[in-house]
Amino acid sequence: MKYTLLWLFNLLVITALSQPTSPIVIQTKNTSLVFTIGKNHRVYQSYLGARLANTEYSTLTGGQEAYLTAGMENLFEPAIRLVHADGNPSLELTYASHTANQQGNVTTTRIILKDSVYPVEVVLQYTAYFNEDVITASATIQHHEKKPVRLTHYASTMLHFNADNYWLTQFHGEWAREAQMVDEQLTNGVKNIESKLGARADFYQTPTFFLSLNNPSTETSGELIAGTLGWTGNFQFTFEVDQRNQLRVRPGINPYASDYTLKPGELFTTPDFIFTYSNQGKGQASRNLHRWARNYGVLDGNGPRLTLLNNWEATYFNFNEDKLVELFDGAKQLGVDMFLLDDGWFGNAFPRNDDKAGLGDWQENKTKLPHGIGHLVSEADKKGIKFGIWLEPEMVNPKSELYQKHPDWILRLPNRAENLSRNQLVLDLTNPAVQNFVFGIVDSMLTKNPGVAYIKWDCNRPMSNTYSPYLKENQSHLFIEYTRSFYKVLDRIRAKYPHLPIMLCSGGGGRTDYGALKYFTEFWPSDNTDGLERVFIQWGYSYFFPANTIAAHITSMGKGQSLKFRTDVAMSAKLGYDIRVNEMTPQELQFSQEAVKNYKQLSDVIWYGDLYRLISPYEENRSVLLYVNDQKSKAVLFNYNLTTRRKDLFTKVQLQGLDPKKNYRFRETNLFPGTKATNPDNDKVFTGEYLMTIGLNLTPGKVVPLTSNIFEITAE
Ligand code: DGJ
């Protein structure tokens, strides 16, 4: 009763002062998201779609409640469900005030909602990135009740749609077959795409989707949103089509086993849901996200990347100092920037000679590396290459000194058998002592060896049989606190080492999200480096992540595939090698040396250009990608013939994104020594208009399976 009167009074004052007469409009160059306030003071999403030339939104009314609550008249999935300190499970959120703050290209709008009975406040935050056409949405929940409240649902936002049909594109998989694209029509009821894996959270599902309205969208047509969540933990995207065919999309942290006890005055801030709207198909949506990612979402997104030679596929755990120094020669011969030492360099009481022991003991193995990492750094330096190193700081093998010394630092059930995965357990990162330990691994590596130029940060298992000794009775906070703690450690690392390139790896694509990419320069999409498989895996990730974040290494995987094919596939993303250079034939070496040079010359266009996916490997037995730079003066075209058969008759490919008025020279590059360009159009000049309207035949003559071409298209 006390609360009721106080909050009723507050509400009257606030609404009297700040009840907006016009809608709240969140705008980018081409999109508007419009909220209106109903007579009942609740906030409604009245519009989401193409931006109107005139701001006629003042006539808009109604719509769907922006951030649906639970416990009152709402009968569908709520954005928020909160159980008050007195046990009452209801919430009504009404408009209190809003602010908009513009800083150049970025405008942040905060809509403050309050309950009329209980002292609960929710702030809906929308950040509009004008030029990129991207909006991020999050919510902050706070209360001033006498005792903690319990949050059982806490979505980042809720978006409403009213179309004839809805088509969902999702990306699922597992180890070595990540990001497989599937399209389906949504029917009535609830569909969830989610993770419950804790660490390595994206192992089965990538936290990305397209939602197409009315009809399935293509690369160049259709109305859709592309969405992803910036959270390196359990996520959930709920799609609910109701009895009137209206759709609610609810993105956020997966509330599974994660009731959150919120103390009075404590802020609970959800991760950002990042989305873009397009009425010109998936290609435009994807380019919007790439631009946003490079400008705002990825560490040093507009900065250069290092080409490298990794030793994992070349040696696995079987190496020593001399062998590594020899491998440096391989890196030098290839002309890459760096040598990356992978797993197996550490552990003494429990040497890391396979994946069964040593994880957690981050001292150089004295037998393999008697002179330590410092020696390797200076040997690399003598050869004119940089040196990088693999770490898996969040994990421990039971066969390790760490396990013996700190049994209380490990996530595991106190009274049940340990559940090992890859022979390892996850450390209890919620414990500040463990956070110090993890920070210390990176910090001491870089302090002792300031020459270390790169880190590969691995994470090879999900959580299971999980219990945090540190959180004690608050086990339902574990999944959330683990991810927050991961960010705390990364904040400390980035405060001290702001620009050190770090690859986000998780046994392949177990971590692929923009929550982490704020701290990382790139990610490892898959352990599967077979060229044919990578065409599909990289295709899937390419929708949401720019090429300079997608690490693609040439290895010896890929039966029946030429080095040329595997190289051409890797060159369409962030190039690296993981191969025995000394086993290459002289021609293969020469080809690879030229490929590295070509890549360095083309990488500006690949890393920072606009991507046009011209032919999908899901639709034809080939795949064609085109990157075009901002000035439209240079483009790079990748043409991959897959497992083609006689029946495959490939038509001309129309290019996109060029300047119709410019003249472009079309020239094949990255040819294997001793071969010549066979395309009759090679080295000819065409207008952009011709290339985009009539197009080119990329496969004249007999189509040979698993072959490829790279063409440079240069304005003259
Ligand atoms: C999994 C990674 O994906 C591989 O590239 C390699 O680093 C291994 N872990 C090492 O254990």
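The values are calculated or read from the model by the stated rules, or taken from the named source; none is laboratory data. Because the structure is predicted, anything quoted here is derived from the model rather than measured. Neighbour counts are summed over all protein chains in view; Cβ atoms, including those assigned to glycine, are modelled from backbone coordinates with ideal geometry. Accessible surface areas use protein heavy atoms only, side chains included; no ligands, DNA or RNA. Shrake-Rupley method; radii C 1.70, N 1.55, O 1.52, S 1.80 Å.
If you place +1 on the Cβ of every Lys and Arg and -1 on the Cβ of every Asp and Glu, how big does the dipole about the Cα centre of the stretch 538-680 come out, in debye to the nearest 20? It would help to have the intermediate numbers written out before the result.
Numbers: 20 positive and 13 negative charges, 82 e Å.
Here the stretch 538-680 has a charge dipole of around 400 debye.
Taking θ as phi - 60°, what are the ³J(HN,Hα) couplings along the stretch 192-197 by the Karplus curve (6.51, -1.76, 1.60), each to the nearest whole Hz, with x for Gly and Pro?
Along the stretch 192-197, the couplings run 10, 10, 7, 10, 10, 8 Hz.
Mind giving me the nanometre distance, one decimal, between the label points for residue 659 and residue 371, set 7 Å out from Cα along Cα→Cβ?
Taking the two extended label points, one gets 5.4 nm.
Per the helix-only calculation at 222 nm, which mean residue ellipticity applies to the chain, given -39500 (n - 2.57) for every DSSP H run of n ≥ 4 and division by its residues, nearest 500 deg cm²/dmol?
Details: 12 runs with 148 residues, N = 716.
After summing the helix terms and dividing by residue count, I get -6500 deg cm²/dmol.
If you consider only alpha-carbon coordinates, what radius of gyration and Dmax does the stretch 24-297 have, in Å?
18.1, 55
Quick one: Karplus J couplings for the stretch 707-714, per residue in order, coefficients 6.51, -1.76, 1.60, θ = phi - 60°, nearest Hz, x for Gly and Pro?
Calculated HN-Hα couplings, in order: 10, 7, 9, 10, 10, 9, 10, 10 Hz.
Skip the ligands, DNA and RNA, and give the accessible area per residue of the chain with a 1.4 Å probe, whole Å².
On the way: 27150 Å² over 716 residues.
About 38 Å² of surface per residue is accessible.
Using amide H atoms built 1.01 Å from N in the peptide plane, name the residues 5+ places from residue 523, or on other chains, whose amide H lies under 5 Å from its own.
Hits under the 5 Å cutoff: 504, 550, 551.
Quick one: Cα centre-to-centre distance for the stretch 473-497 and the stretch 129-175, in angstrom?
The stretch 473-497 and the stretch 129-175 have Cα centres separated by 21 Å.
Hey, any idea what Rg/Rh is for the stretch 155-194, computing Rh the Kirkwood way over Cα pairs? Before the final figure, lay out each step's value.
Values: Rg = 12.8 Å, Rh = 12.3 Å.
For the stretch 155-194, the value is 1.04.
Which whole-number percentage describes the relative contact order of the chain, with Cα contacts under 8 Å and a sequence gap of 6 or more?
It rounds to 10 percent for the chain.
Looking at the stretch 67-134, which GluC sites (Glu not before Pro) are DSSP coil and have at most 16 other C-beta atoms within 10 Å of their C-beta?
Values: sites: 73, 92, 121, 132; in loops: 73, 92, 132.
Qualifying residues, ordered by number: 73.
Counting each pair of different Cα atoms once, what's the Kirkwood radius of the stretch 308-500 in Å, rounded to one decimal?
Details: mean 1/r = 0.0572 Å⁻¹.
Radius from the Kirkwood sum: 17.5 Å.
Residue 152: net charge of surrounding residues, Cβ under 9 Å, Lys/Arg +1, Asp/Glu -1, itself excluded?
Details: positive: 81, 150; negative: 259.
Combined, the nearby Lys, Arg, Asp and Glu give +1.
Go through 692, 660, 671 and say which Cα lies farthest out towards the positive end of the charge dipole of the stretch 611-715; charges sit on Cβ, +1 for Lys and Arg, -1 for Asp and Glu.
671
From zero outward in steps of 5 Å, how is the percent of C-alpha pairs of the stretch 561-716 spread across the bins?
2, 9, 19, 22, 21, 15, 8, 3, 1, 0
I'd like the Kirkwood hydrodynamic radius of the stretch 497-624, using the inverse of the mean 1/r over distinct C-alpha pairs, in Å.
On the way: mean 1/r = 0.0652 Å⁻¹.
One decimal place: 15.3 Å for the Kirkwood radius.
What are the residues whose amide H is under 5 Å from the amide H of residue 47, where those residues sit 5 or more places off or on another chain and H is modelled from the backbone?
34
Beyond a 28 Å Cα-Cα separation, which of these cross-linked pairs lie in this structure: 386/564; 29/518; 574/661?
Numbers: 386/564 26 Å; 29/518 24 Å; 574/661 31 Å.
Too far apart for the 28 Å limit: 574/661.
Over the chain, with a single point scatterer placed on each C-alpha, what log10 of the ratio I(q)/I(0) does the Debye formula yield at q = 0.07, 0.09 1/Å?
At q = 0.07, 0.09 Å⁻¹ the computed log10 ratios are -0.52, -0.84.
Tell me, what HN-Hα J-couplings in whole Hz come from the Karplus equation 6.51 cos²θ - 1.76 cosθ + 1.60 at θ = phi - 60° for each residue of the stretch 97-106, using x for Gly and Pro?
In residue order, the calculated couplings are 6, 8, 9, 9, 10, 9, 10, x, 6, 10 Hz.
In whole percent, and with a 1.4 Å probe on the protein chains, what portion of the accessible area of the chain is carbon and sulfur? Working shown, then result.
Values: 13640 of 27150 Å².
So the carbon and sulfur contribution to the accessible surface is 50 percent.
Would you mind counting up the charge near residue 284? Only other residues with Cβ under 12 Å from its Cβ, with Lys and Arg at +1 and Asp and Glu at -1.
Values: positive: 29, 282, 287, 291, 613; negative: 132, 133, 219, 223, 610.
Residues near residue 284 contribute 0 overall.
For a quick check of your reading of the filter: which trypsin sites (Lys or Arg not before Pro) in the stretch 243-345 sit in a DSSP loop and have no more than 15 other Cβ atoms within 10 Å?
Loop-located and lightly packed - 244.
Just to confirm a number: summing +1 for Lys and Arg and -1 for Asp and Glu over residues other than residue 176 whose beta-carbon lies under 10 angstrom from that of residue 176, what do you get?
On the way: positive: 177; negative: 174, 178, 527, 530, 533.
Value of the local net charge: -4.
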